[in-house]
């Protein structure tokens, strides 16, 4: 089933330019946009079948046998990560239809968008480092080009170059880590590495410590973990808003996925990992939240808040129990929905006024009522209001910490939640409650396709908030599958 | 024979980091990036050649070829961005790209 998802997305990458050319020649409005949304909606059908198959048999391996075990291996964790990627991808493609209508080069825009989604789905479903690196580079290269898509302005160009240099240096360091791991264990297959690292003598090997540090830096740059986060607050605001919501919503989560996967593969050595990760997590939370307080640009504020949310997820992973990992995975899904929605709403304001300055946007929620209400739902969800999805996963992260009797860490996390509520509610008050003035008086409601993109994500925020048990049961299955390394190895190496 | 090549790879990483921190021309920065990726490639090929004595393994070589080709893609995007930087800023000095505060 996983190959059908990847084939559908790859088919989209190849055919979108042709359809776009036809729609330009014939002058059919929005044919390309409808087509790319259709292509991105198509993978949901194999995805549902995939989810049912995995809940029955555990791990899907494709192809069943291959040279060097270079395979796709999808377990519950991968399947759980694919869902937000497809959802935010579809929503941002629908949203782009009217957001990007003043831009040129839309054929390459939609091609790069579907290539990036293809790359992300491939990264989370790879079963060995070769496949992982291939899809990682597809994702990275298309995201560099998308961040700098509006290349005639200074901000995207500068941010895109900074992102490119940092991220490709991170990929190179990750590759060095992969090389060292290959030198030690002699295979690139995840299951093979997990089998080989079960020997406890490896824990004190300086090479494996070097390899783990290189991998933490490589994934940490992509996930924007604290000392490596400096590209994120520049690149995410500079990108077009649908791309911001993809980058912030799901692309940084591929770094999280890498950390999670290797945290579990090196389970025998996880004392080092957990400790280092929890320190990095708190650094990330505090830097993200405290810097977000002082932002005047709405998209920069949201970008810093993404850094803080990555800190929460990393903290949940560093605890390393089934409860905490499933809570972290649930927060990955919830944050993708909330942050995707918030970046899209901020983009709708930017589209209407041409400004991202919060002092200019004051009171705009009274003029653009629908967008304003959707933004309020997103802000309340991310601030952790009961009844919306953010509350569920934040509660589960804290309760998982308390179950392991990590009281200081739990208190610090709650402190961070409180700090973040301060700036979310202040933003809500300034956008929704102040009297509009100046340019804002003239704005009109966002176009229907932009609203449609946001409504998809908002309805999921509300659905998960009101009825969380379905997603919690999937994320618990994923958390159990993540820690049950034996049943991950057996179908791949035994079959 | 393993150690000299590993030292060479470490030296390449050092050269690349020196380039990142001290050079201000964008093309020199892109070259540093390439050197860093090549250091990783050298490491991969070395481990493939010397891990088991007597024969050279195939998987690391194919990984290195994949990495070389993806580095080509990254460099292409980087050079395209360099052109855009030159058009917008009128210079290719990295120190002038300091308007973002990140």
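General observations
- Degrees between helix A:129-147 axis and first principal axis of chain A (Cα, 0 to 90, nearest 10): 20 degrees
- Here residue B:31 and residue B:1 are evaluated by their C-beta separation; at R0 = 30 Å the FRET efficiency comes out at 0.60.
- Semi-axis lengths (Å, descending) of the ellipsoid that matches the C-alpha gyration tensor of region B:2-96: 33, 16, 5
- Degrees between helix B:58-89 axis and first principal axis of chain B (Cα, 0 to 90, nearest 10): 10 degrees
- Taking the number of Cβ atoms within 10 Å of each Cβ as an exposure proxy, the fewest-first ranking of A:338, A:344, A:470 is A:470, A:338, A:344.
- Chain lengthening between residue A:462 and residue A:434 when straightened (0.36 nm per residue, less Cα-Cα): 7.5 nm
- Alpha-carbon centroids, region A:334-396 and region A:186-244: separation in whole Å: 31 Å
- Taken along the Cα-to-beta-carbon direction at a fixed 7 Å, the label points for residue A:21 and residue A:296 span 4.8 nm.
- Full extension of the segment from residue A:376 to residue A:404, taken as 0.36 nm per residue of separation minus the current Cα-Cα distance, would add 6.6 nm.
- Seen from every direction in turn and averaged, the convex hull around the alpha carbons of the protein assembly as shown projects onto 25.6 nm².
- Note on residue A:198 and residue A:68: with the Förster distance fixed at 22 Å, the Cβ-Cβ geometry gives a FRET efficiency of about 0.55.
- Think of it as helices only: each DSSP H run of n ≥ 4 in chain B is worth -39500 (n - 2.57), and spread over all residues that comes to -27000 deg cm²/dmol at 222 nm.
- Principal semi-axes in Å for region A:156-241 [√(5λ), Cα gyration tensor, largest first]: 32, 11, 10
- Approximate spin-label separation residue B:79-residue A:275, in nm, with each point projected 7 Å along Cα-to-Cβ: 4.8 nm
- Between the Cα long axis of helix A:469-483 and the first principal axis of chain A there is an angle of about 40°, rounded to the nearest 10.
- Taking the helices alone, chain A has a mean residue ellipticity at 222 nm of -25500 deg cm²/dmol, built from -39,500 (n - 2.57) per DSSP H run of at least 4 residues and averaged over all its residues.
- Taking each residue as 0.36 nm, the span from residue A:469 to residue A:101 lengthens on full extension beyond its C-alpha to C-alpha distance by 128.5 nm.
- The translational diffusion coefficient of region A:332-472, from Stokes-Einstein at 20 °C and 1.002 mPa s with a Kirkwood hydrodynamic radius over alpha carbon pairs, comes to 135 µm²/s.
- For the pair residue A:411 and residue A:480, label points projected 7 Å from Cα toward Cβ lie 3.5 nm apart.
- Sites residue A:152 and residue A:53, calculated FRET efficiency, Cβ-Cβ separation with R0 51 Å, nearest 0.05: 0.60
- Shape class for region A:200-282, computed from the alpha carbon gyration tensor (a ≥ b ≥ c): prolate, with a/c not under 1.5 and a/b above b/c.
- Cα gyration tensor shape of region A:87-165, rounded if a/c is under 1.5, else prolate or oblate by comparing a/b with b/c: oblate
- Between region A:33-67 and region A:116-174, the C-alpha centres lie 23 angstrom from each other.
Readers should treat all values here as calculations from the given coordinates under stated rules, not as data from a laboratory. Here the structure is a predicted model, which means the values were calculated and not measured. Neighbour counts are summed over all protein chains in view; Cβ atoms, including those assigned to glycine, are modelled from backbone coordinates with ideal geometry.
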